[in-house]
Amino acid sequence: MINPVIRISKVAKTYTMGTNTVHALRGVDLTVEPGELVAIMGTSGSGKSTLMNTLGCLDIPTSGTYTLDGVMVNGLSKNDLADLRNQKLGFVFQGFNLLARTSALDNVELPLLYDRSGRKLDTRQLAAEALGRVGLGARLDHQPSELSGGQQQRVAIARALVTKPTLLLADEPTGNLDSRMTVEVMALFQELNDQGITIVIVTHEPEVAQYAKRIVVMKDGRIARDEPVRNRRRAAEDLKEMDAAPAEQLEEAA
């Protein structure tokens, strides 16, 4: 029997701010199976960021249970949580979070240097392979300033993939990108998902969510809607249309 990648049950999270109690999550139930590509949406204050932090083992629920790939997260020590994040989770952020004066290869290698599993890893080779996987095999020595925004995000995705995680978590991964780079990054996510990687994306952009297989909408700390994506878009096809558009416009002008 294959374990769900994510299983949270009746998860609540409350924060105390002075005399006020903020209910960020209110009894959330969510299951994500292997190979899914899920988009989490919601307005500011809906609970989507708190949910993402909980899934990423960055925040501990006030109540409820969380099982990640068969491992019960509740009650783990800080060190155990750090090991779980390193071995089972890959993170991609809106701001890329790359080291500025460091090569793409060194940026991607970094998570492997924190591996405490005792495995003997060829970290440089694994980092180079991860960059090749996202189409940057020829840019190993380039620093972030020498790369476009889309390429920087690809480096960040390679860094998330290098530990071979069970789950890839992406928080507004296209928020700093223009339209074309957004589609390029979503094409990469879809390609990785087609290879079997489970991905959860937080996004406020409905057009980005249309590339997912399933949309979860948060409202007031609860899941308001959880449904498959109808008329799902394929980013690779959208890129072909974008590339063809200028030629078509020239023909129309002629």
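Rule-based calculations on the coordinates, nothing more; no lab input. If you're wondering where the values come from, they're calculated on a predicted model, not measured in any experiment.
Couple of notes before you dig in:
- Lysine pair count for segment 6-253 (Cα-Cα distance under 29 Å; residues 8 or more apart in sequence or on different chains): 25.
- Amide H partners (placed H, <5 Å) of Asp59, local residues excluded: Thr54
- The slack between Asp122 and Asn79, meaning 0.36 nm per residue of separation minus the straight C-alpha distance, is 13.1 nm.
- One quarter of the convex hull surface built on the alpha carbon atoms of segment 67-176 amounts to 7.2 nm², the projected area averaged over directions.
- In Hz, Karplus ³J(HN,Hα) per residue of segment 28-38 (6.51, -1.76, 1.60; θ = phi - 60°; x = Gly, Pro): 7, 10, 7, 10, 10, 8, x, x, 7, 10, 10
- Three-way shape label, segment 173-223, alpha-carbon gyration tensor, a/c 1.5: oblate
- Relative to the compact-globule estimate of 2.2 N^0.38 Å, the Cα radius of gyration of the chain comes out at 1.06.
- Averaging over all projection directions, the Cα-based convex hull of segment 119-254 occupies 11.6 nm² in the image plane.
- Karplus-derived 3J(HN,Hα), 6.51/-1.76/1.60, for each residue of segment 68-77, Hz, glycine and proline x: 10, 6, x, 9, 6, 6, 4, x, 6, 6
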